[in-house]
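Take a look at the structure below.
The values are calculated or read from the model by the stated rules, or taken from the named source; none is laboratory data. In this text, all values refer to a predicted model and were calculated from it rather than measured experimentally. When we count neighbours, we look across all protein chains shown, and the Cβ atoms used for this are built from the backbone with ideal geometry, even at glycine.
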Amino acid sequence: MLARMTATAASARSDLTEVARSEATLRSFLHGLPGVDQVGAEQRAAMLATRSIKTTAKAWAIDLAIRMVDLTTLEGADTPGKVRALAAKARRPDPADPSCPAVAAVCVYPRLVPVAAEALRGSGIHLASVATAFPSGQAPLEVRLADTRAAVAAGADEIDMVINRGAFLAGRYLEVFEEIVAVKAACGDAHLKVILETGELVTYDNVRRASWLAMLAGADFIKTSTGKVPVAATLPVTLVMLEAVRDFRDATGRQVGVKPAGGIRTAKDAIRYLVLVNETAGEDWLHPDRFRFGASSLLNDLLMQRTRLRTGVYSGPDYFTLD
Amino acid sequence: MSERVAVRKTYKLFIGGKFPRSESGRSYPVQNTNVSLASRKDVRDAVQAARAAVAGWSGATAYNRGQVLYRVAEMLEGRRDQFVGLGVPTVEVDEAIDRWVWYAGWADKIAQVYGNANPVAGPYFNLSAPEPTGVVGVVAPAEPALLGLVSVVAPTIVTGNTVVVLVAETAPLPAVTLAEVLATSDLPGGVVNLLTGRPAETAPWLAGHMDVNALDLTGVTDPGFAAELERAAAGNLKRVLRPPAGPVDWYADPGLGRMTAFLETKTVWHPKGI
């Protein structure tokens with residue numbers, strides 16, 4: 001399967017700029033991608049999940065995972081106070097231990113971006129905001145673009161957009177492509193993360209097509225989920241997306257990041273993802289600029305495991321913030 | 001016709017209302033059967049289950065807790081023969097059931113005995129009420145296997161605590177059978193967690209665990225080991241019940257000490273007459 005994939009990528013190298021010329025060329029390119037072996041992908045993800053990571057390797061993985069966290073709060077009940085508390089936690093996740101690294105980014109709704117920008121000033125922590133009528137994306141394009149521009153103007157340097165799943169599932173790929181291009185333009189210098197919402201795409205073939213579509217349209221990151229539908233990030237879905245970014249770099253030379261989001265709650269889960277990254281895309285992706293976790297409760301579990309390694313006794317949730 | 005082959009029972013751990021094998025996959029032989037040998041990660045899982053059960057169990061009404069414990073006694077009564085078959089003397093089984101019922105009766109009475117309306121010089125109702133401590137780690141005594149276990153578990157949970165019990169290495173079979181009783185009563189999963197194996201190996205992890213609120217060292221016979229556990233327990237200021245100084249008559253009236261050891265008093269000032 002991999003050989004076929006690489007062959008496709010190589011033949012595509014010359015005409016990748018041309019694939020979005022028309023609906024027909026885009027469709028034939030996306031449908032020409034090799035199909036995903038569902039059983040094989042699930043088996044490989046399950047097999048890699050059994051790897052045992054211990055002692056110093058575990059300590060390294062936990063610190064890396066903390067540096068990869070996009071500390072997220074996306075609730076209707078979010079207040080400026082909660083966002084400030086989250087920003088403080090992002091700067092120093094474990095106040096009891098100065099050696100604990102800061103997280104990669106804080107992710108909030110556009111209305112709270114000014115609060116977060118103020119709280120994060122000078123910290124070097126990125127500020128991500130979901131835009132484009134998150135989580136459904138079911139708003140007119142003009143509204144979604146205005147949403148994006150407002151978030152960037154307020155200080156967000158990373159934008160998490162949702163793709164138009166309705167158009168994608170109906171087969172109107174060019175519409176999805178052009179919308180991503182338009183949002184990318186509205187982002188300016190801000191990084192664009194494209195949320196595929198894999199739980200609504202149903203098949204791995206669709207995940208692979210949506211990944212390529214988003215990368216062709218200029219995504220800096222491809223992200224699994226909004227966290228607002230029942231099925232969020234899974235290991236096999238992330239495996240398919242990691243294969244896509246690897247093959248895309250082989251074809252074009254551009255390196256796109258991956259962000260699984262939703263449902264990753266324990267340090268053990270996070271380490272499984274890191275193993276998957278290393279074995280699928282390679283070490284180049286083991287960096288916060290190339291791989292992120294969209295999560296909220298994950299950070300506390302990482303901190304508990306970190307404390308356990310440092311102190312030698314099991315820690316408890318009482319010693320970390322409620323957020 | 002060929003002779004029937006009896007189905008052999010696997011004695012497993014009791015964590016969160018389920019019967020998992022040890023995470024480590026280890027077991028050890030007792031009375032010609034294999035019993036799970038718990039590891040530190042089983043301790044971790046058990047504490048997690050016990051913590052998750054605290055809110056529901058301590059939040060249940062005292063009357064409800066009492067009813068659940070009476071139900072456990074009913075189930076115990078039905079399994080008398082099974083305990084006797086494991087070598088527990090009949091007199092001990094009877095005493096254990098009676099002990100359980102006695103503690104069950106205290107569920108909705110302990111607050112009346114240990115709670116108080118305090119006279120204060122001001123326009124306030126001043127009330128003190130006993131409240132459960134939270135997650136209690138218990139090192140159970142080896143002898144008597146069933147009565148000893150019942151005598152440390154029942155008084156701790158009747159007031160609303162949840163427990164992680166390290167069963168004595170030599171006496172795991174009655175403990176696992178007791179777990180089967182608890183699982184078929186209405187006791188919520190996680191209120192009682194029983195780990196078979198070697199307390200000498202697992203107790204330090206339980207004593208040092210920062211999410212455990214109290215420690216009952218009744219089953220620790222070596223004073224040096226008890227002191228070591230007490231030092232580990234000091235990490236988060238656990239309440240510690242020290243091992244008994246001399247031999248204990250488990251058949252005597254147990255008194256209320258084992259219940260009050262894991263209670264803390266909450267005092268409320270409530271304005272009146274305004």
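Observations on the model:
- So A:ALA295, is it modelled with pLDDT under 95, within 23 Å of A:VAL106 (Cβ to Cβ) and buried (at least 23 other Cβ atoms within 10 Å of the Cβ): yes
- Condition check for A:GLU279 on (1) within 14 Å of chain B (Cβ to nearest Cβ); (2) outside any loop (DSSP other than H, G, I, E, B): one failure, at (1).
- Residue selected from region B:31-70 under the condition in a loop (DSSP other than H, G, I, E, B) and of a type in the set (A, V, I, L, M, F, W, C), by the criterion nearest to the other protein chains (Cβ to nearest Cβ): B:ALA38
- Residue within region A:239-252 that is within 14 Å of chain B (Cβ to nearest Cβ) and surrounded by fewer than 20 Cβ atoms within 10 Å (Cβ to Cβ) present: no
- Of the listed requirements (1) surrounded by 18 or more Cβ atoms within 10 Å (Cβ to Cβ); (2) touching a residue at least 60 places away in the same chain (Cβ under 8 Å); (3) in contact with a strand residue (DSSP E or B) (Cβ under 7 Å, 6 or more places away or on another chain), A:VAL113 misses just one: (2).
For every residue, the table says whether it meets (1) away from every other protein chain (no Cβ under 14 Å); (2) of a type in the set (A, V, I, L, M, F, W, C); (3) touching a strand residue (DSSP E or B) at 6+ places or on another chain (Cβ under 6 Å); (4) part of a loop (DSSP other than H, G, I, E, B).
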site	(1), (2), (3), (4)
B:VAL150	yes, yes, no, no
B:ALA154	yes, yes, no, no
B:ALA168	yes, yes, no, yes
B:GLY189	yes, no, no, yes
B:THR202	no, no, yes, no
B:VAL220	yes, yes, yes, yes
B:GLY224	yes, no, no, no
B:GLY235	no, no, no, no
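- In region B:164-182, the residues that are closer than 14 Å to B:GLY85 by Cβ reach residues that are small (Gly, Ala, Ser) and part of a helix (DSSP H, G or I) with C-beta atoms within less than 7 angstrom, at least six apart or across chains, in these pairs: B:PRO174/B:ALA145.
- Scope region A:298-321; condition within 14 Å of chain B (Cβ to nearest Cβ), outside any helix (DSSP H, G or I) and within 26 Å of A:THR73 (Cβ to Cβ); matching residues: A:SER315, A:GLY316, A:PHE320
- Those residues of region B:105-128 which are in a strand (DSSP E or B), surrounded by 14 or more Cβ atoms within 10 Å (Cβ to Cβ) and hydrophobic (A, V, I, L, M, F, W, C), in sequence order: B:LEU127
- Among the residues making up region B:1-19, those that are in contact with a strand residue (DSSP E or B) (Cβ under 8 Å, 6 or more places away or on another chain), part of a loop (DSSP other than H, G, I, E, B), of a type outside the set (A, V, I, L, M, F, W, C) and under 21 Å from B:VAL139 (Cα atoms) are B:LYS12, B:GLY16.
- Test: residue in region B:204-218 that is surrounded by fewer than 17 Cβ atoms within 10 Å (Cβ to Cβ) and farther than 29 Å from B:ALA107 by Cβ: no
- Qualifying residue in region B:252-273 (condition: basic (Lys, Arg), assigned to a strand (DSSP E or B) and exposed (fewer than 12 other Cβ atoms within 10 Å of the Cβ)): yes
Residue-wise test of (1) at pLDDT 95 or above; (2) outside any helix (DSSP H, G or I).
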position: A:LYS82; (1), (2): yes, no
position: A:CYS100; (1), (2): yes, yes
position: A:VAL106; (1), (2): yes, yes
position: A:VAL115; (1), (2): yes, no
position: A:ALA128; (1), (2): yes, yes
position: A:PHE134; (1), (2): no, yes
position: A:GLN138; (1), (2): no, yes
position: A:THR148; (1), (2): yes, no
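- Tabulated pairs, region B:63-76, first buried (at least 17 other Cβ atoms within 10 Å of the Cβ), second among the aromatic types (Phe, Trp, Tyr), C-beta under 6 angstrom, 6+ apart or interchain: B:ALA73/B:TRP100
- Filter result for the condition that a residue is surrounded by 15 or more Cβ atoms within 10 Å (Cβ to Cβ), part of a helix (DSSP H, G or I) and not polar (S, T, N, Q), over B:LEU194, B:LEU229: B:LEU229
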